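Below: one structure, written as structure tokens.
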Amino acid sequence: MSQDVTIDTVLEAFLDDQQSRVSARTMRNYADVIVLLRHSLNGYAYQSLEETDMGRFQEALNAGDYEAFCRLFGPEHITEHFGEFFGYFMVKKVLASQELLRSSATVAKKLATWLYEHGYVSTEERDLGLDWARAARDLPRAEHLANLLYRQCSKAPVFNLNAIDSGDIIEDRLMIERVEPGALYFAGGIGPLAVSEEASALAKIGWEVYLTLARIAGTWWAIEVGNVYAM
């Protein structure tokens with residue numbers, strides 16, 4: 001592949017191609033998603049580089065080029081980065097609206113297909129991108145669940161932290177192992193955690209939640225809530 005074909009040039013071409021296909025509002029969302037994808041690629045995708053490419057990247061970075069990854073490397077790196085983009089960057093680094101989260105999955109699907117149709121990625125690379133795009137459709141649902149669990153914290157009773165046994169305080173990324181109406185159970189025999197039925201209807205087995213839980217008089221309460229990871 002020509003060195004002139006970089007992530008930057010390909011992403012610009014993708015946006016140009018979409019311009020005539022979608023509404024102005026949708027196009028703004030697409031552009032926002034591509035900006036975020038670029039940020040993620042420039043900040044984190046270097047971890048997948050081989051030694052020779054890492055040297056080029058490090059040299060550019062040392063010279064102050066913080067957008068070097070997308071300028072130096074080709075589109076074959078795009079779909080392989082979707083896991084990091086959706087599983088970490090969009091969850092931990094971006095305060096995104098429900099609309100933008102939905103758009104990110106749509107853009108990923110269209111981008112993976114477009115890259116394949118234009119000969120930039122293999123069938124396997126396209127399919128990997130499509131798999132991540134499908135998984136990303138759960139991001140708005142996971143964000144909604146995180147917000148509901150956060151509100152749940154206000155229902156915890158007042159307690160003296162020093163009076164609670166260390167085994168009754170858990171701060172960890174916990175995997176949802178079982179879901180019942182109004183209750184969540186986590187791996188390791190933790191639970192039930194009483195939640196609203198709206199929250200339990202959103203939750204999926206296998207998702208992970210960063211939580212601080214306290215067991216008070218035999219009942220688990222959510223004290224602090226972080227992100228919900230749907231991947």
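Observations, loosely collected:
- The range 101-138: number of residues that are more than 19 Å from the chain's Cα centre (by Cα) and either closer than 17 Å to ILE34 by Cβ or modelled with pLDDT under 95 (or both): 6
- Candidates are the residues of the range 192-223 that are at positive phi and of a type outside the set (A, V, I, L, M, F, W, C); the one that is most open to solvent (accessible area, probe 1.4 Å) is GLY218.
- Residue that is modelled with the lowest pLDDT, among those in the range 175-191 that are closer than 16 Å to GLY206 by Cβ, surrounded by fewer than 15 Cβ atoms within 10 Å (Cβ to Cβ) and out of contact with any strand residue (DSSP E or B) (no Cβ under 6 Å at 6 or more places or on another chain): GLY188
- Each residue in the range 2-31 was checked for being farther than 21 Å from HIS118 by Cα and buried (at least 18 other Cβ atoms within 10 Å of the Cβ), and 1 pass.
- Scanning the range 144-184 for residues that are more than 25 Å from the chain's Cα centre (by Cα) and of a type in the set (Gly, Ala, Ser) gives SER154, ALA156, ALA163, SER166, GLY167, GLY182.
- Pairs meeting the criteria (first residue in the range 107-132 and over 14 Å from PHE85 (Cβ atoms), second residue modelled with pLDDT of 95 or more and assigned to a loop (DSSP other than H, G, I, E, B), beta carbons under 7 Å, at least 6 apart or on different chains) are LEU115/ILE78; LEU115/VAL121.
- 2 or more residues in contact (Cβ under 8 Å) with a residue 24 or more places away in the chain and of a type in the set (A, V, I, L, M): qualifying strands (runs of 3 or more DSSP E) within the range 139-231: 169-180, 190-194, 208-216, 219-229
- The set of residues in the range 85-98 being surrounded by fewer than 17 Cβ atoms within 10 Å (Cβ to Cβ) and either touching a residue at least 60 places away in the same chain (Cβ under 8 Å) or touching a Gly at 6+ places or on another chain (Cβ under 8 Å) (or both) consists of LYS92 alone.
To keep it simple, each residue is scored yes or no on (1) in contact with a helix residue (DSSP H, G or I) (Cβ under 8 Å, 6 or more places away or on another chain); (2) open to solvent by 20 Å² or more (accessible area, probe 1.4 Å); (3) of a type in the set (Gly, Ala, Ser).
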position: GLY83; (1), (2), (3): yes, no, yes
position: SER103; (1), (2), (3): yes, no, yes
position: ASN147; (1), (2), (3): no, yes, no
position: SER154; (1), (2), (3): no, yes, yes
position: ASP165; (1), (2), (3): no, yes, no
position: ILE169; (1), (2), (3): yes, yes, no
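The values are calculated or read from the model by the stated rules, or taken from the named source; none is laboratory data. Here the structure is a predicted model, which is why all the values come from computation and not from measurement. Backbone-built Cβ (ideal geometry, glycine too); neighbour counts: all protein chains shown. Quick note on the areas: whole protein, heavy atoms, side chains included, nothing else; ligands and nucleic acids left out. Shrake-Rupley method; radii C 1.70, N 1.55, O 1.52, S 1.80 Å.
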